[in-house]
Every structure is written in structure tokens, then in C-alpha cells.
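K.L.:
After the C-alpha cells below, expect a handful of questions from me.
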Amino acid sequence: MGDIPGLAAKPDETNRFKNIRKDSTVMDNYDGDTMTVRYGGTCTLGFARAFGYYLRYGATEHGGTDITDSGLATENKSDGDYFYFYGGRLFQDFRRLGYIDFTYAESTGVDYRFENTYRFEGKAWSLNYSLDIIRLFGLSKWAFKYITPSVTLGDFSEGFCGMKASSFGDHLLDDYLGYSVSPYTDAYHFHDFDNERENATYADKTVSKKFNKYALSVMLGFDLSFDFSYMELYANDRNEGQLLMGKLYTGAIGYTGNSINMKIGYSIYHPDEYYKVKSVDNPYINEGKDPFYVYSFIFTSKFTLIH
């Protein structure tokens, strides 16, 4: 059973009932060690925040019993897989000069196995900066409510494991391809395709990544908005080094009213050398010759029921 705070949620978004997970199969024996728990906390002082978390996996049908389930061990007990995640964040709103935050994190963990025990050890950082041109120059908001360019940079070293950070790739990379910035701790066990090479899609999703993202958001005075972004995505592959996975282009136009919100968007992903290199050894990875795209339409209506 997953812990109450929710292993699959970002640490700063957890609550008591957000992501409870429970096995459909009752685990026998293992000395009753079938509960996965996470402890941790954050401390904020002014413009700085520190955080630290500890996770230990119990025996479940999805993981935490590799040694016993190998059939070679004489003991019936959980592996005792554990994970530490810690770091800090600096953030500041400079008002007219924009908002900036910088996050640095390290992770250490062990996935015990009868053979080939795997260790997660890595570092990661991310930087976000946005600037409101209207506020910077003190312009009238009659024609434009805001014009906000922004930049996001991130680098997750090979071997780094996180706690399921927010998506960096919108509909295509997150919703459809299921990409994550790195391996992460799921409710039952580590989620790391690169460490499970018998899985056909091992190299596609949870390899540690580096990305550069640039965006521009504009809202006109009559509540019509435009959003554009461009991102380069790299894989920090343990065998091939850093490979360019692809380039992602996104755009959207939306309307925000008192009771109705609408947005029409598109995303186009142009694959690059990563797929050409990986498809040689893995026939389940496409050669990356064709772009991948999606169109979306989102309509939201807010209303009040009168009794």
C-alpha cells in the first residue's frame, strides 16, 4: 500500500488523500513488511526553501521483493529498497524585473536485487525566469494585459531519480509519450525503464534528460491570449552520452471570460539523433523520420447552481 501523502505526487502538492495506492493482491508473510512509507519536510525562510525526503518500499506485487521472487533466496522478506531526495530552492519576485527561481536537488537510493543491485545517485537543477514587459515599462493595459517571455532550463544527470516532477512537455511528451525528466519513485516501486531493458520501451521515457525551453505569452485587453514555446530535449544516456532527442514546438490561442474559457492549441515534436542511434539496437523504437503532432481544444464553463 502506498503512503498516505502520496508517492506519485510532487512533494509540495501532497495532501492526506491525494494518491493512496493499494495492492489488489494480499501479500503473505514478508514479516508483515508490506507498507511503503515516506517521511520528509520543507523549511522556507524568506526567498529560500530547503527540502528533504526519505522513502522505503515495502513488499508489494509490483516490486520490493526482487530477492525473494528470484527463487534463489531462502528468506521470505522484502528487499528494503530505500531512497533519499533532498535539495533547496531560491526564488524571488523582482516585480518589474521579473520572477526567478533556481532549484538544486540530489538523490540517493538502492534497488536491491539478488544479482545486479542498482543504485540511484545523481544531481539535478532547474532554472525558471519570466518577465512581464507591460509591468517592466509601466505601459497601459488597455491594449495588452501582459506580454511575458520566459525561459526554463533543466539538467538531470545520468543516475538521478526524482519524485515525479511536473511535466515539461505538454500534451505530446507527457500525455502521449509518457516522458518524465528522469526515473522517479512511483507508488509501488522505482519507475525506471532504462534499468529494465527487457521492456520494449525502456529507452524512451525515464532516461535522465536535459532541456532548454523558451516561451512567450501574450494577452490582449479583450481577454484573448496567445502562447508559443520552443524546447530542445536531450537524453543523458548511460551508454551514448548526451543525445538530442528532438525539438518541440507548441502554440495556443485562448479566450478567458467571466464564465467561459476556451483554448485551441497544437504541438509538433521533431525527433532527432537519439532515435536514429537507439533504433539500431532496439526494433521497438522508431527511427525518428516523421514528426509527431497533436491538436487540442479545451472548453471550460463555470456556473452557479441556484437552489
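The values are calculated or read from the model by the stated rules, or taken from the named source; none is laboratory data. The shown structure was predicted, so the numbers you read here are calculated from the model rather than taken from an experiment. Here Cβ is always computed from backbone atoms with ideal geometry, including for glycine, and neighbour counts include all displayed protein chains.
K.L.:
Restricting to region 165-186, and then to whatever is without any contact (Cβ under 8 Å) to a residue 60 or more places away in the chain and in contact with a strand residue (DSSP E or B) (Cβ under 6 Å, 6 or more places away or on another chain), can you tell me which residue is nearest to Ser267 (Cα to Cα)?
P.N.:
Going through the qualifying residues, I end up with Val181.
K.L.:
Of the conditions (1) at pLDDT 70 or above; (2) crowded, with 17+ Cβ neighbours inside 10 Å; (3) of a type outside the set (D, E, K, R); (4) more than 30 Å from Val151 (Cβ to Cβ), Tyr54 clears all except one; give me its number.
P.N.:
(2)
K.L.:
Restricting to region 211-227, name every residue that is of a type in the set (Gly, Ala, Ser) and in contact (Cβ under 8 Å) with a residue 60 or more places away in the chain. Before the answer, list the steps.
P.N.:
Quick first cut of region 211-227, residues of a type in the set (Gly, Ala, Ser) only: 215, 217, 221, 225.
The answer is Ala215, Ser217, Gly221.
K.L.:
Now a separate question. For Thr201, all conditions in the list (1) of a type in the set (Ser, Thr, Tyr); (2) crowded, with 16+ Cβ neighbours inside 10 Å; (3) at pLDDT below 90; (4) over 15 Å from the mean Cα position of the chain (by Cα) hold save one; what is the number of the exception?
P.N.:
Condition (2) is where Thr201 drops out.
K.L.:
Right, something else. Of the numbered conditions (1) closer than 20 Å to Ile253 by Cα; (2) modelled with pLDDT under 85; (3) surrounded by 15 or more Cβ atoms within 10 Å (Cβ to Cβ), Lys302 satisfies every one except a single condition; which is it?
P.N.:
(3)
K.L.:
If you don't mind, another one. Give the residue, chosen from Ile147, Ile133, that is at pLDDT 90 or above and either within 28 Å of Tyr54 (Cβ to Cβ) or crowded, with 18+ Cβ neighbours inside 10 Å (or both). I'd like the intermediate steps shown before the answer.
P.N.:
On the way: Ile133 fails: either within 28 Å of Tyr54 (Cβ to Cβ) or crowded, with 18+ Cβ neighbours inside 10 Å (or both).
Within the list Ile147, Ile133, the selection yields Ile147.
K.L.:
Give region 226-256 a look and list any residue that's among the basic types (Lys, Arg) and either surrounded by 15 or more Cβ atoms within 10 Å (Cβ to Cβ) or touching a helix residue (DSSP H, G or I) at 6+ places or on another chain (Cβ under 6 Å) (or both), or say none. Explain how you work it out, then say what you get.
P.N.:
First, the residues of region 226-256 that are among the basic types (Lys, Arg): 238, 247.
Within region 226-256, just Lys247 meets the criteria.
K.L.:
Could you run through region 173-194 and say how many residues are assigned to a helix (DSSP H, G or I), surrounded by fewer than 23 Cβ atoms within 10 Å (Cβ to Cβ) and hydrophobic (A, V, I, L, M, F, W, C)?
P.N.:
1
K.L.:
Got a sec? Which of Phe102, Phe91, Phe47 is farther than 19 Å from Gly159 by Cα, surrounded by fewer than 18 Cβ atoms within 10 Å (Cβ to Cβ), in contact with an Asp or Glu (Cβ under 7 Å, 6 or more places away or on another chain) and not β-branched (Val, Ile, Thr)? Walk me through how you get there before you give the answer.
P.N.:
Working: Phe102 fails: in contact with an Asp or Glu (Cβ under 7 Å, 6 or more places away or on another chain); Phe47 fails: in contact with an Asp or Glu (Cβ under 7 Å, 6 or more places away or on another chain).
After applying the criteria, what remains is Phe91.
K.L.:
With the condition kept exactly as written, say whether any residue in region 111-119 is over 21 Å from Tyr86 (Cβ atoms), surrounded by fewer than 16 Cβ atoms within 10 Å (Cβ to Cβ) and acidic (Asp, Glu).
P.N.:
yes
K.L.:
Are there any pairs, at least 6 apart or on different chains, whose C-beta atoms fall under 8 Å, with the first in region 266-293 and free of Cβ contacts under 8 Å to residues at least 60 places away in the same chain and the second among the basic types (Lys, Arg) and not in a strand (DSSP E or B), and if so, which?
P.N.:
Partner pairs satisfying both residue conditions: Pro271/Lys289; Glu287/Lys276; Gly288/Lys276.
K.L.:
Residues being farther than 22 Å from Leu127 by Cβ and at pLDDT 85 or above: count how many of those fall in region 204-220.
P.N.:
3
K.L.:
Hey, any hits in region 253-260 for a residue that's touching a strand residue (DSSP E or B) at 6+ places or on another chain (Cβ under 8 Å), of a type in the set (Ser, Thr, Tyr) and at pLDDT below 90? First the steps, then the outcome.
P.N.:
Restricting attention to region 253-260, the residues satisfying the condition of being touching a strand residue (DSSP E or B) at 6+ places or on another chain (Cβ under 8 Å) are 253-256, 259-260.
Now narrow it down to the ones that are of a type in the set (Ser, Thr, Tyr): 255-256, 259.
From what is left, the residues that are at pLDDT below 90 are 256, 259.
There is at least one residue in region 253-260 that is touching a strand residue (DSSP E or B) at 6+ places or on another chain (Cβ under 8 Å), of a type in the set (Ser, Thr, Tyr) and at pLDDT below 90.
K.L.:
Looking at Ala235 and the list (1) within 17 Å of Val181 (Cβ to Cβ); (2) without any contact (Cβ under 8 Å) to a residue 12 or more places away in the chain; (3) not basic (Lys, Arg), which single condition is not satisfied?
P.N.:
Of (1) within 17 Å of Val181 (Cβ to Cβ); (2) without any contact (Cβ under 8 Å) to a residue 12 or more places away in the chain; (3) not basic (Lys, Arg), only one is false for Ala235: (2).
K.L.:
Also, quick follow-up: Which residues, taken from region 110-159, are among the small types (Gly, Ala, Ser) and touching a Lys or Arg at 6+ places or on another chain (Cβ under 7 Å)?
P.N.:
Pass one, region 110-159, residues among the small types (Gly, Ala, Ser): 122, 124, 126, 130, 138, 140, 143, 150, 154, 157, 159.
Scanning region 110-159 gives Gly154, Ser157.
K.L.:
Report yes if Glu121 is over 30 Å from Tyr214 (Cβ atoms), touching a Ser or Thr at 6+ places or on another chain (Cβ under 6 Å), charged (D, E, K, R) and at pLDDT 90 or above, otherwise no. Break it down stepwise before answering.
P.N.:
Working: over 30 Å from Tyr214 (Cβ atoms): yes; touching a Ser or Thr at 6+ places or on another chain (Cβ under 6 Å): yes; charged (D, E, K, R): yes; at pLDDT 90 or above: yes.
Yes: the conditions hold for Glu121.
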